[in-house]
Each structure stands twice: as C-alpha cells, then as structure tokens.
Amino acid sequence: MKRFAKSLVSFLFVLFLVLPAAGAEKMTVMLDWFPNMDHLPLFVARDGGCFAEVGLDVEILAPSDTATALKLALAGKVDLAVTYESQVLLAASQGQAATVTSTLVDRPLNVVLFLKGKGIEKPEDLAGKTVGYTEPDFERLLKAALADRGIGDVETVHVHFSIVPSLITGRADAVIGGYRNYEVTKLEQEGYAPAFFTLEELGFPTFSELVIVASPEKARSSSERIARFNRALEKAVSVIGSDPGRALDLFFRALPEADRSFEEAVFARTVDFFPRRQLLNEAQWQAFADHLHDKGVIDEAVSVGGLFFRP
C-alpha cells in the first residue's frame, strides 16, 4: 500500500508539472520548421513545468514552411515565432520590423560542409570547386566572403534542402546551409566522413542561428508575459545543462517518433549553443546587419537598436 501511495504521489507530481496551471495565461509559439533538437529549450520549458511555474500555458506550433512563422508573428496571428536573424534583418530593411524578444540558438549552426578526402582542407581549396547553397542569400554571402579572400573560379548550384544527397552524389563538392549538428551527424551515421568550415572562418560576423520574435504591438501589449517566458527559457536551459537525461526524456516524450540514437548524437553537438541568459547583444547584431548591407543582401541599412524587446 505504501508503495502504491508513493507511486500515486509521484504520478500526480509529474502530472502537475506537465498540465497547465489553473488560470495560466495562454501563449502561442510557432517554430521555424518541423520540431527538432534546436527547439529543445521550448519543449523542456513546456513539458518540464518551467512555463507553468511562471503562469504560462504555451502552445508550440509547426509551420508549413520556413517563412511562415515570421509572417504570422508580424501579422499578430501568433504571439511569438522562431525565425532566423538574417530574416529579421531582411524584413526590417524592407520596413517590416519585428521585435526580437529572445534567443534560442545563439551562434551559427550553419557551416560550409564537405566530405573528407575530396581535396578540401582549407577555404582556398574551394577554388575550382562546385559549392551548393540552400538559400540565395547564402550564395551571395559566400561569393563575397570568398572574393574577400581572393578565391575565385567557384561554381555555385542551388541544391535547395538536398544537402546530404548533393554531397554523396558529387553534385556539389561543398554546401553552405547545412548544420554542424544535423547534417554532420546524418553523414556520419551513413558511413561518411564530413568536415566543415565555420562561417566565422570565412569572415562572417557571428550571429544567432535562431531567435524568437513578436510583432511590435504584441511585444508592447504582452511585455510582462514575454519577460516571464524568457525567465522560463533560462530555467529550461539550466535544466538541460544540469540534467541532460531528463531533458532528452522530455524531448522524446513530446516527439515519440524521433530516432533516439540519431537525436542523442545531435544533442551532443547542440547543447552548448543554447544561451544561459536572455541578453541580446546589440553590437553583435549591428555587425551582422552591416555585413549583410555591405554585401548587398539587404538593400537598406538597419539600425538594430529599435528591434530589441525592452521589458
């Protein structure tokens, strides 16, 4: 009987953490793409009770494509959206300024990916090679970065999101747009030996891979809720660092169809990229905005100070 009572208490405690607290305020967050390990702090915060502790009931939504989340946030259709720093700056340069409220992944995961044994050991070895790209803006930035280093005679090809097959089949010698956590792990598990250059090695200023935004109106009307949301995110990242086993269990409970061995390998390459504090770095953002403008990716210069959430 005592064992049963103890089990019942444990079950009710877990249920209390997972279910929204009575009277919790609802918020919606739309992801940039299908749920994956890059979004781990959101799942830990939701299913580990961090949002509930600050009185929030957060619904996590998946979009139809990578541009949907930012558009819906700007239109006020969702409270918050996960998107990319480059997309935020591009929208701002076109007069559609979002308010950046939080950071989900605070350094670039994006790399120039290639296979070992293909004659590429340093960036200069890309000369005479075919480099694939996933997004046209990355093609422009890559060409500018290579030109700055005096590297010419590089052919580019749009591989869309067919990153791994393009490398395996030889359609591209290297690809910009693959992630150092996902595509590197995928190639390894398929028996290949991947390597990469970080974008910083090629002269890109550092930037945040994934950020969270709201419309300026939502940021003003929901300022206090967003501040609580950020506190919960910080708590979730703390849980990930102190108890990674629990964090992974919460992730797989939310996404039972995920390949556990693969995602655990991805986790090992991702965990250090989650920010422990929600402090936006204005100088870093401005350097990247200026870089995008200098290289012609955005037409109008952007002053980033007005883009940040001020609780």
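Please specify each residue of segment 142-189 satisfying the condition of being modelled with pLDDT of 95 or more, closer than 26 Å to Pro205 by Cβ and basic (Lys, Arg). Listed by number, the list holds a single entry, Arg180. Among the residues here, Ile120 qualifies as hydrophobic (A, V, I, L, M, F, W, C), touching a residue at least 60 places away in the same chain (Cβ under 8 Å) and either surrounded by fewer than 23 Cβ atoms within 10 Å (Cβ to Cβ) or part of a loop (DSSP other than H, G, I, E, B) (or both). Among the residues of segment 294-311, those that are more than 15 Å from Gln87 (Cβ to Cβ) and part of a helix (DSSP H, G or I) comprise Asp294, Gly305, Gly306. Every condition in (1) of a type in the set (Gly, Ala, Ser); (2) at positive phi; (3) assigned to a helix (DSSP H, G or I) holds for Gly191 except the one numbered (3). Is it the case that Leu89 is within 18 Å of Leu292 (Cβ to Cβ), in contact (Cβ under 8 Å) with a residue 40 or more places away in the chain, crowded, with 21+ Cβ neighbours inside 10 Å and assigned by TED's automatic domain parsing to the domain that holds Ala301? Criteria met by Leu89. For segment 198-219, the criterion of being in the same structural domain as Ala98 (by TED's automatic domain parsing) and over 25 Å from Trp285 (Cα atoms) is met by no residue. Filtered by the rule that a residue be in contact with a strand residue (DSSP E or B) (Cβ under 7 Å, 6 or more places away or on another chain), in a loop (DSSP other than H, G, I, E, B) and within 24 Å of Asp106 (Cα to Cα), segment 147-181 gives a lone residue, Arg180.
Restricting segment 50-83 to residues that are of a type outside the set (A, V, I, L, M, F, W, C) and buried (at least 22 other Cβ atoms within 10 Å of the Cβ), the residue that is nearest to Ala24 (Cα to Cα) is Asp79. In segment 129-141, of all residues being assigned to a loop (DSSP other than H, G, I, E, B) and at pLDDT below 95, the one that is surrounded by the most Cβ atoms within 10 Å (Cβ to Cβ) corresponds to Thr134.
A Cβ distance below 6 Å, combined with a sequence gap of six or more or placement on separate chains, defines the contacts here; from segment 259-283, residues that are closer than 17 Å to Asp243 by Cα reach residues that are assigned to a loop (DSSP other than H, G, I, E, B) in the pairs Val266/Asn181; Arg269/Asn181; Thr270/Asn181; Phe273/Arg107; Pro275/Asp106. Just the residues that are outside any helix (DSSP H, G or I) and surrounded by fewer than 17 Cβ atoms within 10 Å (Cβ to Cβ), please, taken from segment 259-280. Within segment 259-280, Asp259, Arg276, Arg277, Leu279 qualify. All of Thr83, Thr99 fail the test of being closer than 18 Å to Glu224 by Cβ and among the β-branched types (Val, Ile, Thr), apart from Thr99.
The values are calculated or read from the model by the stated rules, or taken from the named source; none is laboratory data. Model, not experiment: these values are computed from the prediction. Neighbour counts are summed over all protein chains in view; Cβ atoms, including those assigned to glycine, are modelled from backbone coordinates with ideal geometry.
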